[in-house]
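**Student:** Structure incoming, see below.
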Amino acid sequence: MPIDWIAIQRRWLERWEEARIFESDPSKDKGKGKYFITVAYPYPNSPQHIGHGRTYTLADVHARYMRMQGYNVLFPMGFHYTGTPILAMARRISENDKELIDTFINVYNVRPEYIRTFTEPISIARYFHSEISQGMKEMGYSIDWRREFTTIDPVYKKFITWQFNRLRRKGLIHQGSHPVGYCPKDMSPVSQHDTLGDVEPEFMEYTLIKFLMDGYVLPAATLRPETIFGVTNLWVNPDEEYAVAIVNDEQWIVSKLCISKLIHLNKRVEVKGYIKGSELVGKYALTPMVERSVRILAASFVDPGNGTGIVMSVPAHAPYDYQALHELKENCKYDGIEPIVIIRSDDYRDTIPAYEVIKKYGISSQSDKRLEKATEELYAHEFYTGIMLANTMEYANISVKEARDRVKRDLILKGMGDTMLELTNKVKCRCGAECIVKILNDQWFINYSDTAWKGLAYRCLDRMSVIPDEIRDEFKYVISWLKERACARRSGLGTTLPWDREWIIESLSDSVIYMAYYIIAKYVNAGVIDDSDIDDDLFDYILLGIGSSDTLSLKYGIDKGTLEDIRREFLYYYPVDSRHSGRDLVPNHLTFFIFNHVALFPEELWPREIVVNGSVLMEGKKMSKSLGNIIPLRKAIAEHGSDAIRASLLISAEILQDADFTLDMLKSIKDRVERLYNACIHFSSIRSSGNDGIKEMEDRWLLARLNTLISDTTYAMDRLRVREALNNVLYIMEQDVQWYMKRARSKGRRDEDIAPVVKTFLDARVRMLAPFMPFISEEMWSILYDGKKGFVSDAEWPKVDTGMIDPYAHESEALIRSTLDDIMNIIKVTGIKPRSIAIITAGEWKWSIYRLILGFVTRGVTNHSNIIREIINIDSRVKSNINMVKRMIESILSETPAARSRRLNIGTIDESSILDDAKGLLEEELQSTIAINSEDDDIINMKRYTKNKDALPYKPAIYIE
Ligand SMILES: [Zn+2]
């Protein structure tokens, strides 16, 4: 029977809502404690698409799994209205922006009458808020919706006010001048939320080296000031315009694009005129400190948007420079410039390092992309192992690391150098403008560079679980480089700074401790706490236990007992047990989340876990508007149903890899589940023959497999290896039950006989599928138990019954399967149409040798001759069967250690009777008569099988006629 996915989804959504099974309160504790899981709340400026579904689905699977493990799980959701993107969107709508309106209509299916209201930022937020929360419900997320809020709710704003007052009192917020990533067009600082492709701007301090030319300064920006001694020439781009400008009382020549950057870095700049780069080519400039005159040459690789557009050339240590110079020479221009080696490092002794590394990569052109890699490699190598040579004046014999700082400092002290902050990654604002670095004056900053604070953040990270753990170092790195961060803007939705009402707290600063607010939101939504004049003291009490419930009860008119309940509820759910988010939030949100928790809360309330997942590809491609492959989540749900989407998002990749969403996969999952669904219908209608059904070897085997799979799947789920877990439930369990049915039916067993075993298997399989595909699992659960066993969402995760794990049954079925495979292979290779097949199993003496070898190998003796020497003494027949013994050793060594010790424990298995049990199956599958004998059987019958020596334990000899 085909499944009506949508009808089933609708039915169970309704029942869950009626029964309110995902509402969590401390009173619902089952004795195992709470589990508080949160995921980064969405920003409602567009509907969610399939890509968004991954993070939320993973968090929901985690929540559902922990619920089935008996925890009182709280999984809430809020909505992040704060910030400028919604404002910018409203502005574009009122300017009648065709592209945006087109996206709304054609990609997001928004009706035109709604779009008309989108000139109001709040209408955009409300519209997509409802769209997203509707989608989350349809996806089956097990959210406690009583705790929903938005970041512009009045009480939430009071909560953020409390957070900022506290941070300020701890000295972690100050006003000052600091650099930030900045959009010159919007005249606003930018962070990840404001940029195309959600890139966090990162910047570094470059050294400007002032080359002199006829009274003009040509400042070259570099990260390697110590290489000044190796400068042989300067590069300019002949086709670009350069500006002549007075910069802080000097006459500078820099690229036109550099001028606005200098202004934003607070330099006094007055442009006097412009010249073409080509006009500079051929002139000479004086290298400061070294006092060497060098020629200005033309190079197309000079990007006028990078640094100052003036590049100093150090061909001995910079692969780009070496290659460019080499090409000029080949074209017979400018002969006579030779690289000057000034650094000696481990790998490059008496040679030109840049030449060596270019040779190593086989690079032959300036435009070769591998130059980037060659450069990175050489820079890093010289930084860590390089020593300055004798031709570097007073810096001779000191390390590159040290020389870099000293040369920079000395240049600046002598007025021959300066610094310039520059983005190290190309970042574009959502408005399309190229971002730059700006030094903001009188801005409010959170001081993430505070060392004591960093220390606490490291400590929190050390005690925290990070899934996957390979991400931990990324967090360490972010904590180490984080500096002052602008925390307020002049415009946008959000909370005003409590002490300076001109400013609005920005979106990556008001979203770091809101997990605590989910406790409070329940009481706000129930009308217990209202927005009239709440001060910090209420939050001090609820979140930190400061103050008395008596006083606050009088002040706010909230019942004293209720206040104490709220405080108790906070202490019950806090800390956060697991925080889920996409990998792109590691360098900002997730790290700020750590920082703010350690600043505001005592150690026992610090977060316990962070889970980070990768992104989603669509049919192998990145999702993008230009490719037209962005599918809104609700549209996909209406088409395919949520269950299959959930499973498809999780089955293609483990957590950190990119998942690939494909329709083929979706269809294959649906087919698989349809078979499971039909098995539930079929077997639930069968009255069993009245015992527990475990009679035959295949019964023992299936139940053993079941318990092994429960154990493996639980292990995987505990580590959130969801791909592996889902693969077990959907695919491996399907294979096992198919084999079981084949075995049982070939022996003539009726469904009545096998129903008890099959039902046990189905019961566990449906439970383990429930976190992934909750709707169809509820349906199957209710079919299996005629609706009498409640919700599978509330059911217990299956437990391993170790008594059922049965190594003998495991080996027996494996023997049958491998024998069948071997015969099929022989038939395939030889092309024989078999009339009769004989299987000869190994005799008892071979088994005794086999057990001996197993014993040696398990004790660590794996050398062939050592083993043979030992067993010859025990059994003299070994002498005349050396080759057979060698084969035995080989086959044992090819097994896993677990398989070896299992076989050692079992001893001998009765292969003939095991294969005899499957005779019907083998005959059916192979369309041939089968004879099964042991080598130990009457020798007369065996004569014609001349090769019976081939039979080994677990590997019978096979004869096909
Ligand atoms: Zn912009």
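The values are calculated or read from the model by the stated rules, or taken from the named source; none is laboratory data. Computed from a prediction, not measured in an experiment: that's the story for all the values here. Quick reminder, even Gly has a Cβ in these numbers, built from the backbone with ideal geometry, and neighbours come from all protein chains shown. Ligands, DNA and RNA are stripped out before the accessible areas are found, and what is left, the full protein with its side chains, is counted by its heavy atoms. Shrake-Rupley method; radii C 1.70, N 1.55, O 1.52, S 1.80 Å.
**Student:** Any chance segment 411-423 includes a residue that's open to solvent by 20 Å² or more (accessible area, probe 1.4 Å) and within 16 Å of the ligand (Cβ to nearest atom)?
**Tutor:** Yes, the conditions are met somewhere in segment 411-423.
**Student:** Inside segment 137-151, can you point out the residues that are hydrophobic (A, V, I, L, M, F, W, C) and either surrounded by 22 or more Cβ atoms within 10 Å (Cβ to Cβ) or modelled with pLDDT under 95 (or both)?
**Tutor:** Met139, Ile143, Phe149
**Student:** Another question about this same structure. Only one of Asn109, Asn165 is modelled with pLDDT under 90, away from the ligand (no atom under 16 Å from the Cβ) and polar (S, T, N, Q); which?
**Tutor:** Sole residue among the options that is modelled with pLDDT under 90, away from the ligand (no atom under 16 Å from the Cβ) and polar (S, T, N, Q): Asn109.
**Student:** In addition: Which one of the conditions (1) in a helix (DSSP H, G or I); (2) buried (at least 17 other Cβ atoms within 10 Å of the Cβ); (3) without any contact (Cβ under 8 Å) to a residue 60 or more places away in the chain does Asp671 fail to meet, given that it meets all the rest?
**Tutor:** (2)
Listed here are the residues, each with its yes/no results for (1) among the acidic types (Asp, Glu); (2) in a helix (DSSP H, G or I); (3) surrounded by fewer than 20 Cβ atoms within 10 Å (Cβ to Cβ); (4) touching a residue at least 60 places away in the same chain (Cβ under 8 Å).
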position	(1), (2), (3), (4)
Phe539	no, yes, no, yes
Ile542	no, yes, no, no
Ile546	no, no, yes, no
Thr551	no, yes, yes, no
Lys555	no, yes, yes, no
Glu564	yes, yes, yes, no
Tyr572	no, yes, yes, yes
Arg579	no, no, no, yes
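**Student:** Looking only at residues in segment 459-483 that are farther than 21 Å from Asp577 by Cβ and not acidic (Asp, Glu), which one is farthest from the ligand (Cβ to nearest atom)?
**Tutor:** Filtering segment 459-483 for residues that are farther than 21 Å from Asp577 by Cβ and not acidic (Asp, Glu), the one farthest from the ligand (Cβ to nearest atom) comes out as Lys476.
**Student:** Now for a different question. Restricting attention to segment 174-188, and to residues there that are assigned to a strand (DSSP E or B) and open to solvent by 30 Å² or more (accessible area, probe 1.4 Å), which single residue is nearest to the ligand (Cβ to nearest atom)?
**Tutor:** So, considering only residues that are assigned to a strand (DSSP E or B) and open to solvent by 30 Å² or more (accessible area, probe 1.4 Å), the one nearest to the ligand (Cβ to nearest atom) is Pro179.
**Student:** Right, something else. Looking at segment 830-841, which of the residues that are at pLDDT below 90 and under 51 Å from the mean Cα position of the chain (by Cα) is farthest from Ser880 (Cα to Cα)?
**Tutor:** Top of the filtered list is Gly831.
**Student:** Of the residues Arg869, Arg851, only one is over 30 Å from Gly70 (Cβ atoms), charged (D, E, K, R), part of a helix (DSSP H, G or I) and touching a Ser or Thr at 6+ places or on another chain (Cβ under 8 Å); which?
**Tutor:** Arg851
**Student:** Suppose the filter is in contact with a helix residue (DSSP H, G or I) (Cβ under 9 Å, 6 or more places away or on another chain) and surrounded by fewer than 20 Cβ atoms within 10 Å (Cβ to Cβ); does Lys158 pass it?
**Tutor:** no
**Student:** In segment 326-353, what residues are open to solvent by less than 10 Å² (accessible area, probe 1.4 Å) and in contact (Cβ under 8 Å) with a residue 40 or more places away in the chain?
**Tutor:** Ile342, Ile343, Ser345
**Student:** State all residues of segment 754-787 that are under 16 Å from Asp60 (Cβ atoms) and out of contact with any Pro (no Cβ under 7 Å at 6 or more places or on another chain); if no residue qualifies, say none.
**Tutor:** Answer for segment 754-787, where residues must be under 16 Å from Asp60 (Cβ atoms) and out of contact with any Pro (no Cβ under 7 Å at 6 or more places or on another chain): Leu769, Ala770, Pro771, Phe772, Met773, Pro774, Phe775, Ile776, Ser777, Glu778.
**Student:** When you look at Gly282, is it over 26 Å from Tyr182 (Cα atoms), open to solvent by 10 Å² or more (accessible area, probe 1.4 Å), of a type in the set (Gly, Ala, Ser) and part of a strand (DSSP E or B), yes or no?
**Tutor:** It is false that Gly282 is over 26 Å from Tyr182 (Cα atoms), open to solvent by 10 Å² or more (accessible area, probe 1.4 Å), of a type in the set (Gly, Ala, Ser) and part of a strand (DSSP E or B).
**Student:** Filter segment 427-450 down to residues that are within 16 Å of the ligand (Cβ to nearest atom) and without any contact (Cβ under 8 Å) to a residue 40 or more places away in the chain, then give me how many there are.
**Tutor:** 0
**Student:** Look at segment 315-362 and say how many of its residues are at pLDDT 85 or above and in a loop (DSSP other than H, G, I, E, B).
**Tutor:** Residues in segment 315-362 being at pLDDT 85 or above and in a loop (DSSP other than H, G, I, E, B): 15 in total.
**Student:** For the subset of segment 843-900 comprising residues that are acidic (Asp, Glu) and either open to solvent by less than 60 Å² (accessible area, probe 1.4 Å) or free of Cβ contacts under 8 Å to residues at least 60 places away in the same chain (or both), which member is nearest to Asp937 (Cα to Cα)?
**Tutor:** Asp875
**Student:** Asp198 versus (1) touching a helix residue (DSSP H, G or I) at 6+ places or on another chain (Cβ under 9 Å); (2) among the charged types (D, E, K, R); (3) assigned to a helix (DSSP H, G or I): which is the lone unmet condition?
**Tutor:** (3)
**Student:** Here is a follow-up. Within segment 529-570, track down each residue that is among the charged types (D, E, K, R) and in contact with a Gly (Cβ under 7 Å, 6 or more places away or on another chain).
**Tutor:** Asp537, Asp540, Arg567
Here's the yes/no breakdown for (1) part of a helix (DSSP H, G or I); (2) more than 30 Å from Lys747 (Cβ to Cβ); (3) free of Cβ contacts under 8 Å to residues at least 24 places away in the same chain; (4) open to solvent by less than 10 Å² (accessible area, probe 1.4 Å):
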| site | (1), (2), (3), (4) |
| --- | --- |
| Lys695 | no, no, no, no |
| Arg705 | yes, no, no, no |
| Leu709 | yes, no, no, yes |
| Tyr715 | yes, yes, yes, no |
| Leu720 | no, yes, no, yes |
| Arg723 | yes, yes, no, no |
| Leu730 | yes, no, no, yes |
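**Student:** On the basis of being open to solvent by less than 10 Å² (accessible area, probe 1.4 Å), aromatic (Phe, Trp, Tyr) and closer than 30 Å to Asn629 by Cβ, does Phe118 make the cut?
**Tutor:** Yes, satisfied.
**Student:** Quick check on my filter: what residues within segment 190-224 are crowded, with 21+ Cβ neighbours inside 10 Å, within 16 Å of the ligand (Cβ to nearest atom) and either modelled with pLDDT of 85 or more or aliphatic (A, V, I, L, M) (or both)?
**Tutor:** Passing the criteria: Val190, Pro201.
**Student:** OK, next. Residue under question is Ala951, and the condition is that it be modelled with pLDDT under 90 and within 46 Å of the chain's Cα centre (by Cα); does it hold?
**Tutor:** Here the answer is no, as Ala951 does not meet what is asked.
**Student:** Looking only at residues that are over 30 Å from the mean Cα position of the chain (by Cα) and in a helix (DSSP H, G or I) in segment 89-99, which one is farthest from the ligand (Cβ to nearest atom)?
**Tutor:** Across segment 89-99, the extreme among qualifying residues is Lys98.
**Student:** Quick one: would you say Cys487 is within 16 Å of the ligand (Cβ to nearest atom) and either crowded, with 19+ Cβ neighbours inside 10 Å or touching a residue at least 12 places away in the same chain (Cβ under 8 Å) (or both)?
**Tutor:** It is false that Cys487 is within 16 Å of the ligand (Cβ to nearest atom) and either crowded, with 19+ Cβ neighbours inside 10 Å or touching a residue at least 12 places away in the same chain (Cβ under 8 Å) (or both).
**Student:** Of everything in segment 57-87 that's within 16 Å of the ligand (Cβ to nearest atom) and buried (at least 21 other Cβ atoms within 10 Å of the Cβ), which residue is modelled with the highest pLDDT?
**Tutor:** Checked segment 57-87; the qualifying residue modelled with the highest pLDDT is Ile86.
A quick yes/no check of all residues on (1) surrounded by 14 or more Cβ atoms within 10 Å (Cβ to Cβ); (2) polar (S, T, N, Q); (3) in contact (Cβ under 8 Å) with a residue 24 or more places away in the chain; (4) farther than 28 Å from Gly140 by Cα:
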{"site": "Lys788", "(1), (2), (3), (4)": "no, no, no, no"}
{"site": "Phe791", "(1), (2), (3), (4)": "yes, no, yes, no"}
{"site": "Trp797", "(1), (2), (3), (4)": "yes, no, yes, no"}
{"site": "Met804", "(1), (2), (3), (4)": "yes, no, yes, yes"}
{"site": "His810", "(1), (2), (3), (4)": "yes, no, yes, yes"}
{"site": "Ser818", "(1), (2), (3), (4)": "no, yes, yes, yes"}
{"site": "Asp822", "(1), (2), (3), (4)": "yes, no, yes, yes"}
{"site": "Thr830", "(1), (2), (3), (4)": "no, yes, yes, yes"}
